[in-house]
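Below: the structure, in structure tokens.
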Amino acid sequence: MHEKILILDFGSQVTQMIARRVRDVGVFSEVYPADVDEAFLRDQIKNKGVKGIILSGGSAESNIEAPDMEISPFVFLAGVPVLGIGYGMHTMAKHLGGEVAISGNQEFAQVHISVKGNSPLFATLSDSKSAEGHNQLDVCMNHGTQVTELPAGFMRIGFSKHCEIAAMSDEVRLFYGVQFHPEVSNTKQGKALLGRFVLDICDCAGDWNMADYADEMVERIREEVGDDQVILALSGGVDSSVAAVLIHRAIGSQLTCVFVDHGLLRLFEAKQVMDVMHENLGLNIIHVNATEQFMGHLEGVTDPEQKRKIIGREFIEIFQEEAAKLSNAKWLAQGTIYPDVIESAANKNGVAVKSHHNVGGLPDSLSMQLLEPLRDLFKDEVRKLGVALGLPEKMVYRHPFPGPGLGVRILGTVNQDYADILRRADAIFIDELRNTIDAETGKSWYDLTAQAFAVFLPVKSVGVKEGARVYEYVVSLRAVQTNDFMSARWAPLPYDLLAHVSNRIITEVAGISRVVYDISGKPPSTIEWE
Ligand code: XMP
């Protein structure tokens, strides 16, 4: 059994970030609603390895005067250290006899706080020194509601200009409260601080890793699914592949994957997916080659959004047909990851964000239960899990590829000839990026770019090949560097690399007489051309 930190959630948008930071320091953590009862808490501490509890921040609507969720008083009697963050700190203060008051300003801001190094929560953590010689931390804080009177047994261990009690502790019972949010990246020492709580105060060993996570998830999936059959739409992308391999490890042949090849995949991609997932790892995969069906529906369609809709609709139709053949499948598995969950939650609140569903529309139309074993994980964690499960690193660390595939990289009308030309040009580009190592960083240019691909331009241009005049198509190379894909800069690829790629494409790919390099940043130009 693993040591574990229990995170009790009051509804903050960033609660999973706490879990993620705790996992980052090598300790397993689980998030539960804040109002779990005493029996649950007792069982967790006695039998499930819980060595500490973190109380999350609240939601935008959380109100300490009339709370939605009442926390069990047993949290403070359980004999394990407790850390309250923001609203969690206020709840701690109220429960233990302190005072909390609303001060109006609900804005998050980055501020300096002065902290006491004699508390083990802070020890030597420091971003700067105050005039009085205190260690200072740059933290992300909401001043809206504050602890105004400490509970008995507590002392103040941090303060800022506008917040007298920015951190408090009872060093005997090992209770800590921070007004700021250590889980967000604007709090520079946030990870280190959570590390101090988990490793030093809760005394966890920090020896948990992704292979352990895989084992724990396998147990959970087995418990949840029992003897039922599960179906999963496999795209070949990282998320659905990792979900498939994880579920397969748990329930073996009870999982059936449907892999729809729309004819808009990269060179040899379908074969690679089948080789790795079916031949090597033994997954049960229904491979549907629907190239003709997709090409038929895309014929003559030039509008990018229309193309996306057609590809999405056909995909769902084919998947549904296959699902209907497996009449006893009770579960629909998806590779939904945590950022997808946040995006759709934000959507419900009316905030405009792009909607990236894994298999848009499916859950409603098929009355199946959803199985989403990756929904607590961030992308880089999913990759680590994939490697721990035996997927090749080359597959797990691939650049993202859009669901509509080459359909949005062939400008205007899509047809099989264009797709074949583009596939070959794209493969040459990727091959050369992988093989060209940057001397300064020692990394390949593939790893130095977040996304790179070729785009097919259906315009003809004159060239001379083997002494003869040709009149053929143009390919543009696109390579970008970005962390969040919301903005991106074009990658400063070495001239020699560009020259070599261009030369290879023009000589090796019939139908291309000219190669250009896209030097547009996002914004204003999106990463994909359509
Ligand atoms: P843009 O082109 O909007 O792309 O700058 C940002 C990221 O999103 C990917 N992308 C898509 N992914 N379906 C997807 O699954 C789509 O329709 C789609 N459009 C863009 C793009 O590849 C990039 O990573």
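The values are calculated or read from the model by the stated rules, or taken from the named source; none is laboratory data. From a predicted model like this one, the values you see are computed outputs, not experimental measurements. When we count neighbours, we look across all protein chains shown, and the Cβ atoms used for this are built from the backbone with ideal geometry, even at glycine.
Structure data summary
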quantity: Flag for residue 230 being in a strand (DSSP E or B), of a type outside the set (Gly, Ala, Ser) and at pLDDT 95 or above; calculated: yes
quantity: Residues of the range 506-515 satisfying the condition of being assigned to a strand (DSSP E or B) and either touching a Gly at 6+ places or on another chain (Cβ under 7 Å) or over 14 Å from residue 462 (Cα atoms) (or both); calculated: 513, 514
quantity: 1 or more residues in the same structural domain as residue 171 (by the TED database) and over 24 Å from the mean Cα position of the chain (by Cα): qualifying helices (runs of 4 or more DSSP H) within the range 1-111; calculated: 38-47, 87-95
quantity: Meets criteria (of a type in the set (A, V, I, L, M, F, W, C), at pLDDT 95 or above and part of a helix (DSSP H, G or I)) for residue 406; calculated: yes
quantity: Residue match in the range 430-440 (condition: of a type in the set (Val, Ile, Thr), touching a helix residue (DSSP H, G or I) at 6+ places or on another chain (Cβ under 8 Å) and away from the ligand (no atom under 15 Å from the Cβ)); calculated: yes
quantity: The lone exception for residue 215 - which of (1) touching a residue at least 12 places away in the same chain (Cβ under 8 Å); (2) within 25 Å of the chain's Cα centre (by Cα) it fails; calculated: (1)
quantity: Residue that is nearest to the ligand (Cβ to nearest atom) [pool: residues in the range 479-530 that are within 30 Å of residue 339 (Cα to Cα) and of a type in the set (S, T, N, Q)]; calculated: 526
quantity: Every pair of residues 6+ apart whose Cβ atoms lie under 7 Å, when the first sits in the range 150-162 and is surrounded by fewer than 22 Cβ atoms within 10 Å (Cβ to Cβ) while the second is hydroxyl-bearing (Ser, Thr, Tyr) and in a strand (DSSP E or B); calculated: 155/169; 159/114
quantity: Candidate set: the range 442-457, residues that are within 21 Å of the chain's Cα centre (by Cα) and not in a strand (DSSP E or B); chosen: the one nearest to residue 340 (Cα to Cα); calculated: 450
quantity: Residue match in the range 488-505 (condition: within 23 Å of residue 416 (Cα to Cα) and either acidic (Asp, Glu) or outside any helix (DSSP H, G or I) (or both)); calculated: no
quantity: Selection count where residues are more than 26 Å from residue 232 (Cβ to Cβ) and surrounded by 16 or more Cβ atoms within 10 Å (Cβ to Cβ), scope the range 302-318; calculated: 1
quantity: Some residue of the range 458-478 being within 16 Å of the ligand (Cβ to nearest atom), under 27 Å from residue 237 (Cα atoms) and in a loop (DSSP other than H, G, I, E, B); calculated: no
quantity: Hey, residue 278 farther than 28 Å from residue 528 by Cβ and at pLDDT 95 or above or not; calculated: yes
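Per-residue answers, yes or no, for (1) under 23 Å from residue 193 (Cα atoms); (2) touching a Pro at 6+ places or on another chain (Cβ under 9 Å):
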{"site": "19", "(1), (2)": "yes, no"}
{"site": "22", "(1), (2)": "yes, no"}
{"site": "26", "(1), (2)": "yes, no"}
{"site": "29", "(1), (2)": "yes, no"}
{"site": "37", "(1), (2)": "no, no"}
{"site": "40", "(1), (2)": "no, no"}
{"site": "47", "(1), (2)": "no, no"}
{"site": "51", "(1), (2)": "yes, yes"}
{"site": "55", "(1), (2)": "yes, no"}
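Conditions tested, residue by residue: (1) in contact (Cβ under 8 Å) with a residue 60 or more places away in the chain; (2) part of a helix (DSSP H, G or I); (3) closer than 24 Å to residue 132 by Cα; (4) more than 29 Å from the chain's Cα centre (by Cα).
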position: 168; (1), (2), (3), (4): yes, no, yes, yes
position: 173; (1), (2), (3), (4): yes, no, no, yes
position: 184; (1), (2), (3), (4): yes, no, no, no
position: 195; (1), (2), (3), (4): yes, yes, no, no
position: 206; (1), (2), (3), (4): yes, no, no, no
